[in-house]
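S.K.: Before anything else, here's the structure in question.
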Amino acid sequence: MKKLIRRIRYWLKKPVAWDKAVHASCWDGNNAQKRMMNILSPFFPDGQFREYMDWMKERGCDTAHVILINLGDGGGSGYNCALDEWHADTARRRIRKLFLEGFAIVPWIITDDSAAWLKDLFAHPEERIGALAEAGLFDHASYVVLGLEMDEAGSAGNAGWPKVAEALRKHFKGKIGTHHTSGNTFKFAGLGDIVLGQLDPGRATPSAIANQIRAIRALGKEAVGFEYARSPDRTKAQAALDAGAFGCGNW
C-alpha cells in the first residue's frame, strides 16, 4: 500500500517551477572528480547514486542537473538514454527517486564530449528527442538544457542545434536552457529562454560573475550562474544569485 501511495503521489505531483530550481551543486573532489550530473548513469551502482544524492541533500540543494546522453564526460560516461532502453529505464527510475526526495529536475540532453552521439542527434533530432520524451525523461523537468558547451560542436552546431531545439519544443512545453564555453558570447541563446553562465575558475571573480549575469539578463533571458568552479563555491554561487540569477550550480 505504501508503495502504491508513493507511485500515485509521483504521478500526480507537478514539476517544480523553473524559477524554484535554485540551488544545485554539480561537482566535487579534485578538479570535478565527482560528477553529480552523471547521477543517472547505469554504470554507477545504486549505492553510488544514493551517495551522490545524499551529498546534494546535505549541502542544502533543491535542484539536480542530470545528463541524458554522455559519451565521454567524466565518471559513469558511456550512456545514451535515447538509444538504449536499459539506460533510459535506469534514468527514469532515478529521476523518480530524486523527484520524490524533493529535487527540481533539470535534464541536459547531451555533453560536449559526445561527438559521435552528437552527430547522431543532429542527424535524427526528432527521433532522439522523441525517444527521450517517450521514456518519460522530461515528465518532471523544471526546464531542459539543450547541451553542455554547445559552441564546442563547431560549424555542425549552427544547423544542428536549431533542429534539436525545434524537436524539443514539440515534446516539452516548458522553458529551454542553453550553455556555452567560458565567456560572454552566448551564440545559441536565441534558441532558449534561459542561459546558464560559465567562466573559467581563474576569471570567475564575484565582479566578473555579476557582469556575466547582467549581460545575460540584458539579452532578455533568464540567468543561471552555473559553472564558476570545479567544486562547490558558495561565494561565487551567491554572487550570481545577488546579481539576478535565479539559480546556481556551485552551491
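S.K.: Starting from the 7 Å offset along Cα-to-Cβ, what nm value, one decimal, do you get for the label separation of residue 171 and residue 13?
M.R.: So the label points at residue 171 and residue 13 sit 2.4 nm apart.
S.K.: From largest to smallest, what semi-axes in whole angstrom does segment 52-133 give when each is the square root of 5 times an eigenvalue of its alpha carbon gyration tensor?
M.R.: Sorted largest first and rounded, they come to 24, 14, 11 Å.
S.K.: Might you report the magnitude of the Cβ-based charge dipole of the chain about its Cα centre, with Lys and Arg at +1 and Asp and Glu at -1, to the nearest 20 debye?
M.R.: The dipole magnitude comes to about 1000 debye.
S.K.: Inverting the mean 1/r over all pairs of different Cα atoms, compute the Kirkwood radius of segment 2-121 and quote it in Å.
M.R.: Over segment 2-121, the inverse of the mean reciprocal pair distance is 14.8 Å.
S.K.: Let me ask something else. Contact order normalised by length for the chain, with contacts defined as Cα pairs under 8 Å and 6 or more residues apart; what percent is it?
M.R.: Contact order relative to length: 19 percent.
S.K.: Let me ask another. Place the peptides 158-171, 100-113 in order of packing, highest mean first, counting for every residue the other Cβ atoms within 10 Å and averaging per peptide.
M.R.: The peptides rank, most packed first, as 100-113, 158-171.
S.K.: Under a plain spin-label model, where a point goes 7 Å from the Cα along Cα-to-Cβ, how far apart in nm are residue 149 and residue 84?
M.R.: 2.2
S.K.: Further, regarding this structure: For every helix of n ≥ 4 consecutive DSSP H residues, a contribution of -39,500 (n - 2.57) applies; sum these over the chain, divide by its total residues, and give [θ] at 222 nm rounded to the nearest 500 deg cm²/dmol.
M.R.: Details: 8 runs with 97 residues, N = 251.
Helix-only estimate at 222 nm: -12000 deg cm²/dmol.
S.K.: Once label points are set 7 Å from the Cα along Cα→Cβ at both residue 20 and residue 93, what is their separation, rounded to one decimal in nm?
M.R.: It is 2.8 nm.
S.K.: Using only Cα atoms, what is the ratio of the radius of gyration of segment 2-248 to 2.2 N^0.38 Å?
M.R.: Taking N as the residue count of segment 2-248, the ratio is 0.94.
S.K.: With a/c under 1.5 counting as rounded, go ahead and sort segment 130-251 into rounded, prolate or oblate using the C-alpha gyration tensor (a ≥ b ≥ c being the square roots of the eigenvalues; past the cut-off, prolate if a/b is larger than b/c, else oblate).
M.R.: It is prolate, given that a/c is not under 1.5 and a/b is the larger ratio.
S.K.: I would also like to ask the following. I'd like the Karplus ³J(HN,Hα) series for segment 23-36: coefficients 6.51, -1.76, 1.60, θ = phi - 60°, whole numbers in Hz, and an x wherever there's a Gly or Pro.
M.R.: In residue order, the calculated couplings are 9, 10, 10, 9, 9, 7, x, 6, 6, 6, 4, 9, 10, 5 Hz.
S.K.: I'd like to compare 71-79, 138-146: which one has the highest average count of other Cβ atoms within 10 Å, and what's the full order after that?
M.R.: On the way: 71-79: 17.8, 138-146: 23.4.
For the peptides 71-79, 138-146, the packing ranking is 138-146, 71-79.
Each reported figure results from applying straightforward, stated rules to the coordinates on display, with no laboratory input. Keep in mind that what you see is a predicted model, and the values were worked out from it rather than measured. In this analysis, Cβ positions are derived from the backbone assuming ideal geometry, glycine residues included, and neighbour counts consider all displayed protein chains.
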